[in-house]
Amino acid sequence: MQDRVKYEYAIIRVVPKVERGEFFNVGVILFSKSRKFLGVKYLIDQKKLEAFSSELDLNDLNDYLGAWKLVCDGAPSSGVIGKMELTDRFRWLAASRSTMIQTSQTHTGLCHDPEKELEAIFKNHVL
């Protein structure tokens, strides 16, 4: 138990028509302060997207989520937010918003390896 670390995560959702409140899961963002880990994994199923809305562009959504990955990585091209501390970057990414890409409430857990946990949550909630 002592080698397990606390992590927090949120599910990333696409909400094609915000006013309808319908969504589908496309990714996960996971943060572990003690392991200094912040990661995101996402995949948008084009057929599912088309079933929800023919108006959204898959490339635009992937570009938007790609920017989230840059923020997670602290890439220079991620701007001011990418320069923030890991905790602040996670809080910014997981914040409530009323756009087409939203996150669930933040959940917590314990794990041995945050990267493997990110993969497991992704498989369980997105694929």
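Quick check: anything in the stretch 84-93 more than 30 Å from Gln2 (Cα to Cα) and at pLDDT 95 or above?
No, because not a single residue in the stretch 84-93 is more than 30 Å from Gln2 (Cα to Cα) and at pLDDT 95 or above.
Pairs needed: first member in the stretch 38-60, at pLDDT 90 or above; second member anywhere, in a loop (DSSP other than H, G, I, E, B) and surrounded by fewer than 14 Cβ atoms within 10 Å (Cβ to Cβ); C-beta distance under 8 Å; at least 6 residues apart or different chains.
Leu43/Leu127
Which count do you get for residues in the stretch 100-114 that are over 11 Å from the mean Cα position of the chain (by Cα) and either surrounded by fewer than 16 Cβ atoms within 10 Å (Cβ to Cβ) or among the charged types (D, E, K, R) (or both)?
Adding up the residues that qualify gives 7.
Let's see how each residue does on (1) more than 10 Å from the chain's Cα centre (by Cα); (2) more than 29 Å from Asp113 (Cβ to Cβ); (3) of a type outside the set (Gly, Ala, Ser):
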{"site": "Asp3", "(1), (2), (3)": "yes, no, yes"}
{"site": "Glu22", "(1), (2), (3)": "yes, yes, yes"}
{"site": "Val26", "(1), (2), (3)": "no, no, yes"}
{"site": "Tyr64", "(1), (2), (3)": "yes, no, yes"}
{"site": "Ala67", "(1), (2), (3)": "yes, no, no"}
{"site": "Leu70", "(1), (2), (3)": "yes, no, yes"}
{"site": "Gly82", "(1), (2), (3)": "yes, no, no"}
{"site": "Phe90", "(1), (2), (3)": "no, no, yes"}
{"site": "Ser98", "(1), (2), (3)": "yes, yes, no"}
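Of all residues being farther than 17 Å from Ala95 by Cα and in contact with a strand residue (DSSP E or B) (Cβ under 9 Å, 6 or more places away or on another chain) in the stretch 1-22, which is modelled with the lowest pLDDT? Just the residue, please.
Of everything passing the filter in the stretch 1-22, Met1 is modelled with the lowest pLDDT.
The values are calculated or read from the model by the stated rules, or taken from the named source; none is laboratory data. This is a predicted model, so every value here is computed, not measured. Here the Cβ is made from the backbone with ideal geometry for all residues, glycine too, and neighbour counts use every protein chain on show.
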